[in-house]
Number of protein chains: 4
Amino acid sequence: MNSFGRIFRVHIFGESHGPAVGVTIDGCPAGIPLSQADFEKDTERRKAGAAGTTPRKEDDIPEILSGVFNNATTGAPITIIFRNNNTRSADYEALRDTPRPGHADFVLHKKFDGYNDYRGGGHSSGRLTLCLVAAGVVAKKVLKDISIIAQLIEAGGNTDIEAAIQKAVEEQDSIGGIVSCSVKGLPTGLGEPFFDSAESLISHIVFSIPAIKGIEFGSGFGAAKMKGSEHNDAIIDADGTTATNNAGGINGGITNGNEQIFRIAVKPTSSTPKEQQTWNNKTQQVEPFAVKGRHDLCIALRVPVVTEAAAAIALADLLLLNR
Amino acid sequence: MNSFGRIFRVHIFGESHGPAVGVTIDGCPAGIPLSQADFEKDTERRKAGAAGTTPRKEDDIPEILSGVFNNATTGAPITIIFRNNNTRSADYEALRDTPRPGHADFVLHKKFDGYNDYRGGGHSSGRLTLCLVAAGVVAKKVLKDISIIAQLIEAGGNTDIEAAIQKAVEEQDSIGGIVSCSVKGLPTGLGEPFFDSAESLISHIVFSIPAIKGIEFGSGFGAAKMKGSEHNDAIIDADGTTATNNAGGINGGITNGNEQIFRIAVKPTSSTPKEQQTWNNKTQQVEPFAVKGRHDLCIALRVPVVTEAAAAIALADLLLLNR
Amino acid sequence: MNSFGRIFRVHIFGESHGPAVGVTIDGCPAGIPLSQADFEKDTERRKAGAAGTTPRKEDDIPEILSGVFNNATTGAPITIIFRNNNTRSADYEALRDTPRPGHADFVLHKKFDGYNDYRGGGHSSGRLTLCLVAAGVVAKKVLKDISIIAQLIEAGGNTDIEAAIQKAVEEQDSIGGIVSCSVKGLPTGLGEPFFDSAESLISHIVFSIPAIKGIEFGSGFGAAKMKGSEHNDAIIDADGTTATNNAGGINGGITNGNEQIFRIAVKPTSSTPKEQQTWNNKTQQVEPFAVKGRHDLCIALRVPVVTEAAAAIALADLLLLNR
Amino acid sequence: MNSFGRIFRVHIFGESHGPAVGVTIDGCPAGIPLSQADFEKDTERRKAGAAGTTPRKEDDIPEILSGVFNNATTGAPITIIFRNNNTRSADYEALRDTPRPGHADFVLHKKFDGYNDYRGGGHSSGRLTLCLVAAGVVAKKVLKDISIIAQLIEAGGNTDIEAAIQKAVEEQDSIGGIVSCSVKGLPTGLGEPFFDSAESLISHIVFSIPAIKGIEFGSGFGAAKMKGSEHNDAIIDADGTTATNNAGGINGGITNGNEQIFRIAVKPTSSTPKEQQTWNNKTQQVEPFAVKGRHDLCIALRVPVVTEAAAAIALADLLLLNR
């Protein structure tokens, strides 16, 4: 399903090597200042270019097709597209018979009876996260003074990220990482249990980001080893401020006014330069396999801004629901 | 929101100390054999009674109000209710001015302007998981030969669960745990990216279970420390069987035909017998606080059957979508 | 699908001859006064008893299972059930092989592979409108000072309704009618085009009422014969008051602050006492057919209160969306 | 809300005088042949040009941005945009203080605090029906051998349409009309009561088309004047064929395998050349008002192809739900 959200609804479309990728945002309130320049900072943060990121570089200029008039949102659906200019589809022709390990090639082929656009992962490409980032820019404006900051806090098991990337480049093998996200200024009361707890909505959208394999809120997996008397956060004033924050700002699926904290696990880029094994549909046997195309060694480097966007979208939806 | 699912839709209602809790399942195919006896095994597994679980015991007899005729589903909505018989609401009157640490008392009071049913957590009580379990029984029937098995693999940081419970009873402090869930027999192709990846739907419903603070698929957080060449699962036959299973049976948000594996972190029961601190709205100061009522020392003991139910519901929905 | 609404969500369940019918209302704001007595007036209006209505009489006592505490809504899902006491299922056994003309017997059997509860129409029975009426009682409270009044303005082609019923009793043949509904006090701005226009949502829920075959807003079908200069309603003040009301209070799918008016066409009760023809699956030929069971001669008599409920539900949803 | 459908989901965006209008179709099965040429016939039918239609002419060339690869659908969201080339926005500047009677100017201004794109009706313009038509082309392909034919059967109260248009041109006043739609080849069993009856879904989407004020199925409003013995359609074979078709192919909200028939009422074009009255926000009084811009005298001429599209979208969704 290409839709997320109940009030602030985000729809995504496009393929890595098609004419464009894009996003439609429905349910955004009217009167929010918005123009092309607003997207620059976050699309730049998401862009490739650093050591460990893919040499494919796109301009990523947002084209606003609808929903904005005189530099403000109109209340009508906002559609933003990004043209794909820098595609080298020929890289992928050779791979039709050899599904890349770790990628969705095999499952997409099966799910869509071979009709899927297999070039560069098609609709399942990481390129689609650009659309999330664009929607996140709008969502952040809806959230006004609420700050969302995500950071890569570990790569390849190392908290010195630069060193980790350097090592990956030397070893020519991809690595994963852990992204931590902090949200400050949230009002108390966001989250719609039973099913739409704050954790439910955030994890739902976070797991739509490619390469994410885990999420934890507050003390998360660490909480499983704690005692109740250690884990419970004592409430210390009438606003609900807590002395500790093991809950990560959420009780019973509802924000409690304290800092919201979650961490996500990013797996190593599937397209590692190292030789691998995969099934060859032509020869009907397992064969050595080398990745072509242009790829990130550490996709996790680009995940923080996407995580912020995902969190912003989920929280904007909850905020608008809670008016 | 009390609804989950697009085709196989589950709606939950009720409060811990109201007349009943219940669930409506919409979109279940007609012709599935179903009768009261089918619910017994899983509702028993969920029940209190073991060391470390609450002394409050309910009969948990399902009353099927609709959607079943001549012991088979009719295609119409299935509503099942469970009467609440064993309520001691007076336990909670004292707590109106002292929100329990770790619980949702404070946020619910604020979100619903004080109108929420505060007795025993009201609609946010763990009692509502009985409804999930009931829906899970039906979902498992939709999934037919697909097996879902969840187990508590660690409690209070200890893999010897009995010893962990024993220690908690001695220390009179609640503990958390980790539940692992394995799904076998899933067809390839379930999951609807971009937004409704298999991980997205499973995590969405899992985080609606009270006390869950983390989830990871396959190698999960461990993946963040691996190299691509280690993490990628080599495809070794035409069915997509993989040599390893770091992906936990999901690639690009779509099931790949291998075993699906995920783990969830359960926090310690908020209602620990240990004395705590909380804000007192009457005295306007932080005061010592002791829990009354009847509670589990290790709520995680009861989570496996609920986890199975949650997974079954999400997967039944994806299966019916994928016909 | 048993659900209607985006914020104020109504879920319906039950069968005519099952243990109970019921409704769950999700998304109702907390703090609305609500108790059993509130339902009496509208459930009485819907009840059988007048000339031309079925001799089957039910107590229709609402049992509130959840979502209400201390006589006010809590913000949690509200579930209300009505027990079925007065069922004579044996009446229907003879009809298993002879689908009743005008009824859904044939299509339900085919759609659900024969597993549907065929007694009294099962889930498709007019009895389910009791659940709509109950949800309408709650919706009207959400709408506060907005008045919704529906009336039967024509029966069997006659505006003298009593005479029409008298004639139907004499002729022993069922009749249809036209219900007109007026909504006063609506704010300007309700309706969410493109797809969720005010007319779209009202017609959607109105056509879920059994026996409805047409709806028109304002001058409706009459508008098709008018000229633009006749049909357009001149705006005469800054509040948007119009000199005429051909639009029926809606422009471009959005309420304009004037009276909202719509009319619906109710077909004659399918269960007429007159002999008819239908296919007999046993004899495999067309045969004469006589209705058994207890039925209304003019179901339209009972439709006004259901229409009010339907309109109230749709408008409550739009109102809450528009905060 | 810009979305319609549960499986076959249509999202619409754009404004009359913005850069483009467009549509995203989610949930379309993979493997359906589709290319630019497929859209030509229906977009041409919708186009202006005949007597009685607006002189604004657009190229209406569909640009397929996603979801199609090697001339077949991929299973990913299909986005199609149409550039707006022929806009004369200056026509509308004068109208900012004088809301046009019959149009949504007044309600849009109020609903969106003046931020709406008022040029040519903005997002509420009839131009958006081009997007419906495009989605209808895809929906018709999903419906394969099911035929949907809509026709204008009455204009300005006259069944001789040409004469009616001629008279409207002479009188320089806009007129309305009635469109009849016939669907043949539908399987028995489409429709998801209680709430998603076939009539509910069709009317929902039909009332999203601008200028529609009524809909009736089968004998519709005529049924309200019939007796049960006249109205009931006798079932005459094991397939459910009926001797008459007063039900319009739908019983209990579910298709019965017979021809589906419905009629819709189209109001006269709001932009009539005749002088009218409206409120002037600057002078704060009612003043004479003359329409500028380019408009249809009989918008109903362009409605049949849009009606077919709307019906196709609703039925494709029900068909895919019913697999």
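The values are calculated or read from the model by the stated rules, or taken from the named source; none is laboratory data. Because the structure is predicted, anything quoted here is derived from the model rather than measured. For neighbour counting, all protein chains shown are included, and Cβ atoms are generated from backbone atoms with ideal geometry for every residue, glycine included.
Only one of D:Thr241, D:Thr255 is under 21 Å from D:Leu319 (Cα atoms), among the hydroxyl-bearing types (Ser, Thr, Tyr) and free of Cβ contacts under 8 Å to residues at least 40 places away in the same chain. Can you tell me which? Give the derivation first.
Values: D:Thr255 fails: free of Cβ contacts under 8 Å to residues at least 40 places away in the same chain.
None of the others qualify; the one that does is D:Thr241.
Look at the range A:195-214 and say how many of its residues are part of a strand (DSSP E or B) and either of a type in the set (Asp, Glu) or over 23 Å from A:Leu128 (Cα atoms) (or both).
1
Among the residues of the range D:2-15, write down those that are surrounded by 23 or more Cβ atoms within 10 Å (Cβ to Cβ) and in a loop (DSSP other than H, G, I, E, B).
Of the residues in the range D:2-15, the ones surrounded by 23 or more Cβ atoms within 10 Å (Cβ to Cβ) are D:2, D:4-5, D:8, D:10-15.
Within the range D:2-15, D:Asn2, D:Gly5, D:Phe8, D:Glu15 meet the criteria.
Just wondering, is there one or more residues in the range C:101-116 that are of a type in the set (Ser, Thr, Tyr) and at pLDDT below 95? Give the steps one after another, and end with the answer.
First, the residues of the range C:101-116 that are of a type in the set (Ser, Thr, Tyr): C:115.
When the remaining residues are screened for being at pLDDT below 95, the result is none.
Checked the range C:101-116: no residue is of a type in the set (Ser, Thr, Tyr) and at pLDDT below 95.
With B:Ala163, B:Ala150 as the choices, which residue is under 16 Å from the mean Cα position of the chain (by Cα) and more than 7 Å from every other protein chain (Cβ to nearest Cβ)?
On the way: B:Ala163 fails: under 16 Å from the mean Cα position of the chain (by Cα).
So the residue among B:Ala163, B:Ala150 that is under 16 Å from the mean Cα position of the chain (by Cα) and more than 7 Å from every other protein chain (Cβ to nearest Cβ) is B:Ala150.
Could you run through the range A:280-296 and say how many residues are within 13 Å of A:Pro99 (Cβ to Cβ) and modelled with pLDDT under 85? Full working, then the answer.
We begin by selecting, within the range A:280-296, every residue within 13 Å of A:Pro99 (Cβ to Cβ); these are A:280-282, A:286-287, A:289, A:291.
Adding the requirement that they be modelled with pLDDT under 85 leaves A:291.
Selection size over the range A:280-296: 1.
All but one of (1) in a helix (DSSP H, G or I); (2) out of contact with any Leu (no Cβ under 8 Å at 6 or more places or on another chain); (3) surrounded by 18 or more Cβ atoms within 10 Å (Cβ to Cβ) hold for A:Gly75; which doesn't?
So A:Gly75 meets the others, but not (1).
Does A:Val10 meet the test of being in contact with a strand residue (DSSP E or B) (Cβ under 9 Å, 6 or more places away or on another chain), touching a residue at least 12 places away in the same chain (Cβ under 8 Å), facing chain D (nearest Cβ under 10 Å) and closer than 27 Å to A:Gln151 by Cβ? Give the steps one after another, and end with the answer.
Values: in contact with a strand residue (DSSP E or B) (Cβ under 9 Å, 6 or more places away or on another chain): yes; touching a residue at least 12 places away in the same chain (Cβ under 8 Å): yes; facing chain D (nearest Cβ under 10 Å): no; closer than 27 Å to A:Gln151 by Cβ: yes.
Against the criterion (in contact with a strand residue (DSSP E or B) (Cβ under 9 Å, 6 or more places away or on another chain), touching a residue at least 12 places away in the same chain (Cβ under 8 Å), facing chain D (nearest Cβ under 10 Å) and closer than 27 Å to A:Gln151 by Cβ), A:Val10 does not qualify.
Which members of the range A:170-198 meet the condition of being within 7 Å of chain B (Cβ to nearest Cβ), in contact with a helix residue (DSSP H, G or I) (Cβ under 6 Å, 6 or more places away or on another chain), closer than 29 Å to A:Ile299 by Cα and not β-branched (Val, Ile, Thr)?
Scanning the range A:170-198 gives A:Asp173, A:Ser174, A:Gly176, A:Gly177.
Under 8 Å between Cβ atoms, at least 6 apart or on separate chains: pull out the pairs that start in the range C:265-293 with a residue that is more than 7 Å from every other protein chain (Cβ to nearest Cβ) and end on any residue that is part of a strand (DSSP E or B) and among the hydrophobic types (A, V, I, L, M, F, W, C).
C:Glu275/C:Phe289; C:Asn280/C:Val286; C:Gln285/C:Trp279; C:Glu287/C:Trp279
Go through (1) buried (at least 24 other Cβ atoms within 10 Å of the Cβ); (2) aliphatic (A, V, I, L, M); (3) under 21 Å from A:Ala300 (Cβ atoms) for B:Met226 and report which single condition fails.
Of the numbered conditions (1) buried (at least 24 other Cβ atoms within 10 Å of the Cβ); (2) aliphatic (A, V, I, L, M); (3) under 21 Å from A:Ala300 (Cβ atoms), the odd one out for B:Met226 is (1).
What do you reckon, is D:Pro55 part of a loop (DSSP other than H, G, I, E, B), at pLDDT below 95, over 29 Å from D:Leu315 (Cα atoms) and in contact with a strand residue (DSSP E or B) (Cβ under 7 Å, 6 or more places away or on another chain)? Walk me through it before giving the result.
Details: part of a loop (DSSP other than H, G, I, E, B): yes; at pLDDT below 95: yes; over 29 Å from D:Leu315 (Cα atoms): yes; in contact with a strand residue (DSSP E or B) (Cβ under 7 Å, 6 or more places away or on another chain): no.
No; evaluated as a whole, the condition is false for this residue.
So which residues in the range C:122-180 are over 30 Å from C:Phe8 (Cβ atoms), outside any helix (DSSP H, G or I) and without any contact (Cβ under 8 Å) to a residue 60 or more places away in the chain? Please lay out each step first, then the result.
Residues of the range C:122-180 that are over 30 Å from C:Phe8 (Cβ atoms), as a first pass: C:154-176.
With outside any helix (DSSP H, G or I) added as a condition, the list becomes C:154-160, C:172-176.
Within the range C:122-180, C:Glu154, C:Gly157, C:Asn158, C:Thr159, C:Asp160 qualify.
Just checking, which of D:Lys110, D:Lys144, D:Lys140 is in contact with a Gly (Cβ under 7 Å, 6 or more places away or on another chain) and either over 15 Å from A:Phe69 (Cα atoms) or within 10 Å of chain C (Cβ to nearest Cβ) (or both)? If you could, list the steps in order and put the result at the bottom.
Working: D:Lys144 fails: in contact with a Gly (Cβ under 7 Å, 6 or more places away or on another chain); D:Lys140 fails: in contact with a Gly (Cβ under 7 Å, 6 or more places away or on another chain).
Step by step, each of D:Lys110, D:Lys144, D:Lys140 is checked, and only D:Lys110 is in contact with a Gly (Cβ under 7 Å, 6 or more places away or on another chain) and either over 15 Å from A:Phe69 (Cα atoms) or within 10 Å of chain C (Cβ to nearest Cβ) (or both).
Kindly establish whether D:Leu130 is in contact with a Leu (Cβ under 6 Å, 6 or more places away or on another chain), modelled with pLDDT of 95 or more and more than 7 Å from chain C (Cβ to nearest Cβ). Even if it seems obvious, please write down each step before you answer.
Values: in contact with a Leu (Cβ under 6 Å, 6 or more places away or on another chain): no; modelled with pLDDT of 95 or more: yes; more than 7 Å from chain C (Cβ to nearest Cβ): yes.
Answer is no for this residue.
Exactly one condition in (1) over 30 Å from D:Phe13 (Cβ atoms); (2) of a type outside the set (Lys, Arg); (3) buried (at least 22 other Cβ atoms within 10 Å of the Cβ) is not met by C:Phe194; state its number.
(1)
Mind listing whichever residues of the range C:22-42 are more than 7 Å from chain B (Cβ to nearest Cβ), closer than 16 Å to C:Ile313 by Cβ and either buried (at least 20 other Cβ atoms within 10 Å of the Cβ) or of a type in the set (Asp, Glu) (or both)?
Initially, the range C:22-42 is screened for residues more than 7 Å from chain B (Cβ to nearest Cβ), giving C:23, C:25, C:27-29, C:32-42.
Now narrow it down to the ones that are closer than 16 Å to C:Ile313 by Cβ: C:23, C:25, C:27-29, C:32, C:34, C:38-39, C:42.
Within the range C:22-42, C:Val23, C:Ile25, C:Gly27, C:Cys28, C:Leu34, C:Asp38, C:Phe39, C:Asp42 meet the criteria.
C:Lys267 is checked against (1) more than 21 Å from the chain's Cα centre (by Cα); (2) surrounded by 22 or more Cβ atoms within 10 Å (Cβ to Cβ); (3) farther than 21 Å from C:Tyr92 by Cα and fails just one. What number does that condition carry?
If we test C:Lys267 against (1) more than 21 Å from the chain's Cα centre (by Cα); (2) surrounded by 22 or more Cβ atoms within 10 Å (Cβ to Cβ); (3) farther than 21 Å from C:Tyr92 by Cα, just (1) comes out false.
Looking for whichever is modelled with pLDDT of 95 or more and touching a Phe, Trp or Tyr at 6+ places or on another chain (Cβ under 8 Å) here; the options are C:Gly189, C:Gly220, C:Gly157, C:Gly185. Which one fits? Steps first, answer last, please.
On the way: C:Gly189 fails: touching a Phe, Trp or Tyr at 6+ places or on another chain (Cβ under 8 Å); C:Gly157 fails: touching a Phe, Trp or Tyr at 6+ places or on another chain (Cβ under 8 Å); C:Gly185 fails: touching a Phe, Trp or Tyr at 6+ places or on another chain (Cβ under 8 Å).
Criteria check complete, one pass: C:Gly220.
Only one residue in C:Thr272, C:Thr255, C:Thr244 is under 23 Å from D:Phe221 (Cβ atoms) and modelled with pLDDT of 95 or more. Which one? Working first, answer last.
Working: C:Thr272 fails: modelled with pLDDT of 95 or more; C:Thr255 fails: under 23 Å from D:Phe221 (Cβ atoms).
Just one listed residue meets the conditions, C:Thr244.
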